[in-house]
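The values are calculated or read from the model by the stated rules, or taken from the named source; none is laboratory data. Not measured: the values here are computed from a predicted model. So basically every Cβ, Gly included, is an ideal-geometry build from the backbone, and we count neighbours across all protein chains shown. What goes into the accessible areas is simple: the full protein's heavy atoms, side chains included, and nothing from ligands, DNA or RNA. Shrake-Rupley method; radii C 1.70, N 1.55, O 1.52, S 1.80 Å.
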Amino acid sequence: MKCPLLLPLLLLGTVAALHLESDDPHLDIRETQADLIQDVEGSGEQEGELALTEEVIQSEGEEAEASTNQDTFEDDQAMESDPAALGEDLQCPREEETIELHHPGCKTCRYRLVRTPRRFNQAQNVCRRCYRGNLVSIHSYHLNYRLQCSVRGINQGQVWIGGIRRGWCWRRRFRWTDGSRWNYSYWASGQPRNGRGRCVALCTRGGHWRRAPCSRRLPFICSS
């Protein structure tokens with residue numbers, strides 16, 4: 001008596017299973033389509049974020065380059081407008097305007113502080129034409145300390161040394177006017193990244209270096 005009842009139940013179960021299986025592919029397709037739409041939207045958002053990031057980086061780079069170009073323009077303009085910077089009408093300092101600096105660690109080294117303030121290019125020309133040398137290049141803390149101790153008594157906050165930033169675009173580097181290797185630096189906090197100007201000055205207090213516009217008039221140290 002039970003067998004006739006079981007047979008209809010089994011048939012109903014089979015039909016229900018087939019119906020569910022026929023629905024599943026449509027459901028999977030709809031879910032897959034929704035996932036693809038979300039992936040595309042997410043990809044679009046990521047591309048938008050990347051594009052925004054690239055714009056910010058490019059903007060910062062353009063601002064930094066514009067600032068440096070402005071410094072270069074101002075320095076070059078100052079040089080062109082100053083005959084002494086071009087070597088014309090150059091007068092060597094009087095003896096009373098200079099102080100000879102001694103470095104115990106080097107008997108052949110000669111350093112001279114010129115107290116009369118001049119622009120960077122003027123100072124370099126004075127060192128070259130009057131003392132047959134260049135603005136001083138510094139390659140050790142010991143020399144930097146000795147020079148700082150020698151100039152801290154003058155009534156000026158900074159003096160020119162021979163560092164200058166040269167090159168184009170992202171290849172700009174600090175170099176010494178005498179052509180020697182740039183293998184030492186003693187920058188102040190935040191320098192040289194946040195400084196202005198292409199030329200390098202030594203602080204008479206503390207001995208740290210700072211960028212400064214080359215058109216600024218400062219005392220300077222020659223090496224010969």
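Is it the case that some residue within region 216-224 is open to solvent by less than 10 Å² (accessible area, probe 1.4 Å) and farther than 14 Å from Val136 by Cβ?
Checking region 216-224: not a single residue is open to solvent by less than 10 Å² (accessible area, probe 1.4 Å) and farther than 14 Å from Val136 by Cβ.
Results for (1) open to solvent by 20 Å² or more (accessible area, probe 1.4 Å); (2) out of contact with any Lys or Arg (no Cβ under 8 Å at 6 or more places or on another chain); (3) over 14 Å from Asn134 (Cβ atoms), shown as yes or no for each residue.
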{"site": "Gly157", "(1), (2), (3)": "yes, no, yes"}
{"site": "Gly163", "(1), (2), (3)": "no, no, no"}
{"site": "Arg166", "(1), (2), (3)": "yes, no, yes"}
{"site": "Cys169", "(1), (2), (3)": "yes, yes, yes"}
{"site": "Ala188", "(1), (2), (3)": "no, no, yes"}
{"site": "Gly197", "(1), (2), (3)": "no, no, yes"}
{"site": "His208", "(1), (2), (3)": "yes, yes, yes"}
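What pairs can you find where one residue is in region 113-136 and closer than 23 Å to Asn155 by Cβ, the other is among the aromatic types (Phe, Trp, Tyr) and part of a strand (DSSP E or B), and their Cβ atoms are less than 7 Å apart, with a gap of 6+ or different chains?
These pairs meet every condition: Val114/Phe220; Arg118/Phe220; Phe120/Trp160; Ala123/Trp160; Ala123/Phe220; Leu135/Trp160; Leu135/Phe220; Val136/Tyr111.
Among the listed residues Ala123, Ala201, Ala212, identify the single one that is under 21 Å from Pro93 (Cα atoms), open to solvent by less than 40 Å² (accessible area, probe 1.4 Å) and under 20 Å from the mean Cα position of the chain (by Cα).
Residue meeting the stated conditions: Ala201.
Need the failing condition index for Asn155 against (1) within 26 Å of Pro93 (Cβ to Cβ); (2) in contact (Cβ under 8 Å) with a residue 40 or more places away in the chain, just the number.
So the condition that Asn155 fails would be (2).
Among the residues in region 129-147, are any crowded, with 20+ Cβ neighbours inside 10 Å, over 24 Å from Ala188 (Cα atoms) and either modelled with pLDDT of 95 or more or touching a strand residue (DSSP E or B) at 6+ places or on another chain (Cβ under 9 Å) (or both)?
Checked region 129-147: at least one residue is crowded, with 20+ Cβ neighbours inside 10 Å, over 24 Å from Ala188 (Cα atoms) and either modelled with pLDDT of 95 or more or touching a strand residue (DSSP E or B) at 6+ places or on another chain (Cβ under 9 Å) (or both).
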